[in-house]
Each structure stands twice: as structure tokens, then as C-alpha cells.
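The values are calculated or read from the model by the stated rules, or taken from the named source; none is laboratory data. Please read these numbers as outputs of a predicted model, since none were measured by experiment. So basically every Cβ, Gly included, is an ideal-geometry build from the backbone, and we count neighbours across all protein chains shown. Calculation scope for accessible area: heavy atoms of the full protein, side chains included, ligands and nucleic acids excluded. Shrake-Rupley method; radii C 1.70, N 1.55, O 1.52, S 1.80 Å.
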Amino acid sequence: MAYLSKLSQYKDLGLLIIRVGLGAMFVYHGYPKLMAGTDGWAGLGASTKYVGITFAPVFWGFLAALVETLGGFLLIIGLAFRPVCLLLVINLIVAAAMHLAKGDGLQGAAHAIEDAIMFAGLFFIGPGKYSVDKK
């Protein structure tokens with residue numbers, strides 16, 4: 001497969017594709033949560049009980065929706081990339097814990113776990129050169 005060996009020179013393009021794709025999907029799923037208002041935020045924030053946080057569900061729900069929406073946008077442009085990845089990993093750990101505790105099993109928690117693994121890896125790799133954070 002020698003013809004594929006040169007693709008490593010395009011790793012920054014690969015990171016851009018991952019950032020834009022994941023970022024767009026997080027904005028797509030996060031924006032309705034952000035616009036849901038206090039009732040929606042309370043329901044979303046109630047998921048923190050599965051990791052031992054039982055106070056201020058509206059606050060935690062708002063923060064989760066904000067991280068998902070604004071974090072998705074920041075992923076796309078590559079700004080504050082590592083802090084956003086860390087916040088999304090935390091969000092996704094709560095989501096996975098909620099699915100597991102509700103009895104959804106690994107099948108129900110898989111998407112959150114997969115995204116958390118992706119963002120944990122991206123936290124170490126960085127945004128690549130096609131980003132606002134480029135060095």
C-alpha cells in the first residue's frame with residue numbers, strides 16, 4: 001500500500017475534517033438544547049445526578065447545552081481547542097453515565113463513549129495548522 005504512504009503529509013487536513021464534522025454535529029444537536037429554556041435545561045442538567053451532582057440542574061443543563069453548542073462552533077474554527085475538548089469529554093462522561101444508569105447498556109452509551117474517546121485523543125493532538133489556535 002505504498003500509494004497510501006504519502007497521506008500522512010495531509011494530517012492537518014484530516015484534523016480539519018474531523019473538527020468541522022464533529023463541530024457541526026455538536027452545534028446541530030446542542031442549539032435546540034440551548035434554546036429549550038429553563039425547563040429543558042433542568043431536564044438536561046438532571047443527568048448530573050448520575051455522577052453525584054444533585055444541585056442546580058438548570059445551571060448544569062444550561063452549561064451542558066452551551067458547551068455543546070458554543071464548543072461545536074469553537075471546534076470548527078479551532079479556537080480554545082483543548083479546553084473545549086476537555087469540557088466536551090466531561091459532558092460526554094455525564095451522558096454515558098446517564099445512559100448506563102438508566103439501563104440503556106453499552107448500546108445506549110456507545111455514542112457518548114465514542115465521542116469522549118475522540119475528544120480525549122484530540123485534546124492531546126491539537127487542532128492542526130488550519131485553525132485559529134495554530135502555532
Mean separation of Cα contacts under 8 Å (6+ apart) over length of segment 21-135, as relative contact order %: 26
Crossing angle, helix 57-77 versus the chain [Cα axis fit, 0-90 degrees, rounded to tens]: 10
Net charge dipole size for segment 33-128 [Lys, Arg +1 and Asp, Glu -1 on Cβ; Debye, nearest 20]: 140
Whole-percent carbon and sulfur share, accessible surface of the chain, 1.4 Å: 72
Calculated log₁₀ intensity ratio I(q)/I(0) where the Debye formula runs over C-alpha points of the chain, q = 0.09, 0.17, 0.20 Å⁻¹: -0.30, -0.90, -1.13
Label point distance in nm, ASP104-LEU66, each placed 7 Å from Cα along Cα→Cβ: 2.4
Theoretical ellipticity at 222 nm over the chain - DSSP helices of four or more residues, -39500 (n - 2.57) apiece, nearest 500: -24500 deg cm²/dmol
Rounded tilt (10° steps) of 81-101 against the dominant C-alpha axis of the chain: 50
Using alpha-carbon coordinates, inclination of helix 11-34 to the longest axis of the chain, degrees: 20
Peptide ranges 25-32, 47-54, 79-86 listed from the most packed, as the mean C-beta count within 10 angstrom indicates: 79-86, 25-32, 47-54
Accessible area per residue in Å² at 1.4 Å probe, computed on segment 1-122: 58
Furthest towards positive pole of dipole, TYR28, TYR130, VAL84, structure part the chain, Cβ charges: TYR130
Inter-site label distance for ILE117 and ALA24 at 7 Å from Cα along Cβ, in nm: 2.4
Computed lengthening from ILE17 to TYR31, 0.36 nm per intervening residue step minus Cα-Cα distance: 2.9 nm
